Every structure is written in structure tokens, then in C-alpha cells.
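Below is one structure, written out as C-alpha cells, with a few remarks after it.
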Amino acid sequence: MWKRYRRLVAWAEAVLILGLPFLRVNGQSALRFDIPTLSLYFFGSVVRLTEFYFILVASLFFLVLIVWATAVFGRFWCGWLCPQTVLLDMAEDFGGWLLKNRSWGAKLVLLPLSAIVSASLIWYFVPPWEFFQRVFDSATVTGFFVVQWVVIYLELAFAGRKFCKYVCPYSMLQTALFDRDTLVIVFQGRPEEFEGKRACLMCHRCERVCPVEIDIKEGLQRQCIACTACIDACKEVTSKQDTREFISYRGRILRDKTIVLGAVVVAFGFVTLLSVALRPPITAVVKRQTKQSSPLVNVYSYTITNNLPERIEVAISVEGPYRFIGQKRVVLEPFEVLTGQFMLKSEGRDSEPPLIIIKTGDYQIRQRAGYL
Ligand code: SF4
Ligand code: SF4
């Protein structure tokens, strides 16, 4: 029965989503977006929102991944992985166990479940060990937690599968990406479609179990979330009649289109990982301040970003007939963004603009700065 496999996948996903924020790599959350610094902590590395090339490559990767996954596996995401489906399935399972009226039981179970979902969403922005402290003494964290809890609860308890059926934009997109070999759940119960053997028993079990209330016997429909409930229901009925079920998966995974698209996905994934792995150890920006302390002295501000998960020492110097006034060596903690200032005093006439050198280990950044 598919239900057993779907529940296994659902539990694995729940453990992953709830457990990931507790995992730390290089002293930081494995996956978290830090709002104050606009940085994404990504499995031991940090990607800042200012790194447009990475955001572009990552967005393209996700785009081709979605196109490929939908063209090959159809609505596999909706039926097996979508948090909306997983949470509603879990709530119905526990609800049936809690109350005789399964639907009210599910509504009850959704209350604590929505609270956990709300908290886990915040953990991807505020580390969980900080969240448990701040949820009681930070109005922002408490506010987000409560508002999300209410919205998630209302959406799951009262919109539920109707959201998948009428609202979800991904379902509309999926229909456009399907082709005739995409993996879908279909009815094959007519004698001519079922090798002339026994035809559908018309017991209507498949319609009764369908969470989006459609009749798969009428053909593939946009509303179908590929939850496999109708396959299981039909199997239960037909196994007693010693015949095969009339509803099943149909599609071809290995074909030219999926291989070509799959190769594009792998290539984009590789470029995305490479763009993180091959980043320089530091990035730096130096700007001359418009307000100067005296006519012969120029003031400069700098921002140095440590892209490494380790403490580093950075040397700042100048090339040319200029005297450097300020701290020549600074220490940056792992992934720290450091800002500071220094001054330059010209010691020669009609000289070239100063060349600022920012160096760590063998790597150096050379940036020409203006001088008035
Ligand atoms: S038709 Fe079958 S697979 Fe599709 S949503 Fe209904 S029960 Fe699930
Ligand atoms: S559950 Fe199977 S046998 Fe019963 S109506 Fe649906 S397709 Fe036909």
C-alpha cells in the first residue's frame, strides 16, 4: 500500500525540517537566513544578499529543478512532499485516533501542530536556542510566532485541501509542464484499457477517499494531488476479487527530455556549489569620505568581509607616496563583516591616486581610491 510509504516519507521530512535548525556547522546554523546581516548560513558557508551572482545562479538552479521534477514526476511534490499535504495527513491520522469524529479530531490536532510549524519557520531566521528565550521577552518574535500560528491554523483547518484544489499557483504551473510521459495517477478500468479482463467494479471507493473530491475515473484532472489514496482504496477492493487494481501510476521516467533536463539541473547545481566554494577568502570595499579632516588628509572607510569559517588576520596598506594613518592589521572572526576607517596623507605632488592593498595570506585585493 502506498500510504505506508507516504507516511514514512512524511516522517522523514518532518524530522529533517524540525531537526535542521538544530544542526550546527562551523559554529553556525546549518541553514538559516540572518536578517540583521542579510546573510544565508548554508552548511558551513555564508552567502550574503549582496552576492548577486550567487542569488542569480541559485535561482536558475531552482527554476530548472522545478521544471525537470514536474516534467518527470508530475505532482509527486504535492502528494508526497508538500508540507500542506504532510501536515493534513498527519492531523487526520492523529485526529482519527483522538476523536471518533476524525474531522474535528484533525482540527484539534492542528492547533499544536500549527504552533510547531510556526516555531520551526522562525528557527530558519532566529536560531532555536535563541528562539526559546526570545519568544518570552521579545515582542517581535512573540508577535511573529502568534500571528503565524493563527494564520497557519486557519489555513490548514479551514482551507485545507481546498487550497490545493483552487488556489495553489504551483498546481496551475504543473499542468503547463506536463507531457504525455509525465508520471501521473490514472484510471485504467475499462475493458479495452485493461487487457480485456475484468472492468471497474463501480464501487466508488476511489471517489470517497479522494481528499480533493474528484472522480479519477473521469480522467486526469488538474485538481488531483497524486496522493495515491485512490490506488490503495481500489487495491483493497480488487484484491478481494482476485484482480489487479484499476488505478495506478503511469509514465516514463527515463527518456530523452528528462535526461537532457536532468543534465541541465546537475550543471546548474554544480555551478551553484562552485560559486560558493570558489569564493575568495575576503571581499572588501574602500570608499573615500566626502568630509575630510584637513586639506592634506583624506579619510577612507572600508568594509572587509571574511568568507571563511575561521579567524583571519588582514593587513591594510597603501602603495604610492602616501602616509597611511590608522590600524594596519585587523582580525576578523569567522564570516565577520568588519567596517572601519583610515586616513591617507599625500607626501608627493602630482602623484597617482593611492592604491589600497588589503591582504590576507597569499590573497590580496588591490583597489585604486581617489584623493583630493
Ligand atoms: S484522484 Fe486519487 S491520487 Fe488524485 S487526489 Fe484523488 S485520491 Fe489522490
Ligand atoms: S475503487 Fe477501483 S473498482 Fe472501485 S470504483 Fe474506483 S476504480 Fe472502480
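The values are calculated or read from the model by the stated rules, or taken from the named source; none is laboratory data. Nothing here was measured: the structure is a model prediction, and the numbers come from that model. Neighbour counts are summed over all protein chains in view; Cβ atoms, including those assigned to glycine, are modelled from backbone coordinates with ideal geometry.
Matching residues to (1) away from ligand 1 (no atom under 14 Å from the Cβ); (2) not in a helix (DSSP H, G or I):
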| site | (1), (2) |
| --- | --- |
| Tyr249 | no, yes |
| Val265 | yes, no |
| Thr272 | yes, no |
| Ser275 | yes, no |
| Arg279 | yes, yes |
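Please enumerate the residues belonging to region 4-19 that are free of Cβ contacts under 8 Å to residues at least 40 places away in the same chain and aliphatic (A, V, I, L, M).
Here is the first cut: in region 4-19, the ones free of Cβ contacts under 8 Å to residues at least 40 places away in the same chain are 4-5, 8, 11-12, 15-16, 19.
Scanning region 4-19 gives Leu8, Ala12, Val15, Leu16.
Does region 181-190 contain any residue that is part of a helix (DSSP H, G or I), at pLDDT below 85, more than 10 Å from ligand 1 (Cβ to nearest atom) and over 28 Å from Ile122 (Cα atoms)?
Here is the first cut: in region 181-190, the residues part of a helix (DSSP H, G or I) are none.
No, that holds for no residue.
Does region 219-244 hold any residues that are among the acidic types (Asp, Glu), within 10 Å of ligand 2 (Cβ to nearest atom) and surrounded by fewer than 18 Cβ atoms within 10 Å (Cβ to Cβ), and which are they? Talk me through it step by step, then tell me what you get.
Within region 219-244, the first condition is being among the acidic types (Asp, Glu), and the residues that meet it are 232, 236, 242.
Cutting the leftovers down to within 10 Å of ligand 2 (Cβ to nearest atom) gives us 232, 236.
The answer is Glu236, and nothing else.
Counting residues that are modelled with pLDDT of 90 or more and of a type in the set (Ser, Thr, Tyr), which helices (runs of 4 or more DSSP H) fully inside region 69-142 reach at least 3? I'd like the intermediate steps shown before the answer.
On the way: elements: 83-98, 102-123, 128-137.
In region 69-142, the matching helices (runs of 4 or more DSSP H) lie at 102-123.
Answer yes or no as to whether Phe61 is more than 16 Å from ligand 1 (Cβ to nearest atom), farther than 21 Å from Asn307 by Cα, surrounded by 18 or more Cβ atoms within 10 Å (Cβ to Cβ) and modelled with pLDDT of 90 or more. Walk me through it before giving the result.
Working: more than 16 Å from ligand 1 (Cβ to nearest atom): yes; farther than 21 Å from Asn307 by Cα: yes; surrounded by 18 or more Cβ atoms within 10 Å (Cβ to Cβ): yes; modelled with pLDDT of 90 or more: yes.
Criteria met by Phe61.
Can you tell me which residue within region 278-315, out of those that are small (Gly, Ala, Ser) and in contact (Cβ under 8 Å) with a residue 12 or more places away in the chain, is nearest to Val47 (Cα to Cα)?
Looking only at region 278-315, we keep the residues that are small (Gly, Ala, Ser), and these are 284, 293-294, 301, 315.
Then keep just the ones that are in contact (Cβ under 8 Å) with a residue 12 or more places away in the chain; that gives 284, 293, 301, 315.
Numbers: Ala284: 15, Ser293: 36, Ser301: 23, Ala315: 23 Å.
Here the residue is Ala284.
Tyr249 fails exactly one of the following numbered conditions: (1) within 16 Å of ligand 2 (Cβ to nearest atom); (2) buried (at least 16 other Cβ atoms within 10 Å of the Cβ); (3) within 31 Å of the chain's Cα centre (by Cα). What is the number of that condition?
That leaves (2) as the condition not met.
Can you say whether Leu296 is over 23 Å from Tyr363 (Cα atoms) and of a type outside the set (Gly, Ala, Ser), as far as the supplied structure shows? Break it down into steps so the answer makes sense when it comes.
Working: over 23 Å from Tyr363 (Cα atoms): yes; of a type outside the set (Gly, Ala, Ser): yes.
Yes.
Can you give me the ranges of the strands (runs of 3 or more DSSP E) entirely in region 313-372 with at least 2 residues that are in contact with a helix residue (DSSP H, G or I) (Cβ under 6 Å, 6 or more places away or on another chain) and outside the structural domain of Leu296 (by TED's automatic domain parsing)? Steps first, please.
Values: elements: 322-325, 329-332, 337-346, 355-360, 363-368.
So the answer is none; nothing clears 2.
Taking region 195-214 as the region of interest, how many residues are within 22 Å of Trp80 (Cβ to Cβ), near ligand 2 (Cβ under 9 Å from one of its atoms) and of a type outside the set (A, V, I, L, M)? So that I can check it myself, show each step before the final result.
Initial filter on region 195-214 (within 22 Å of Trp80 (Cβ to Cβ)): 205-214.
Adding the requirement that they be near ligand 2 (Cβ under 9 Å from one of its atoms) leaves 205-209.
Add one more test, that the residue is of a type outside the set (A, V, I, L, M), and what stays is 205-208.
Total meeting the criteria: 4.
Would you check if Thr272 is more than 10 Å from ligand 2 (Cβ to nearest atom), of a type in the set (Val, Ile, Thr) and more than 24 Å from the chain's Cα centre (by Cα)? Step through it out loud before you land on a result.
Working: more than 10 Å from ligand 2 (Cβ to nearest atom): yes; of a type in the set (Val, Ile, Thr): yes; more than 24 Å from the chain's Cα centre (by Cα): no.
The answer is no for Thr272.
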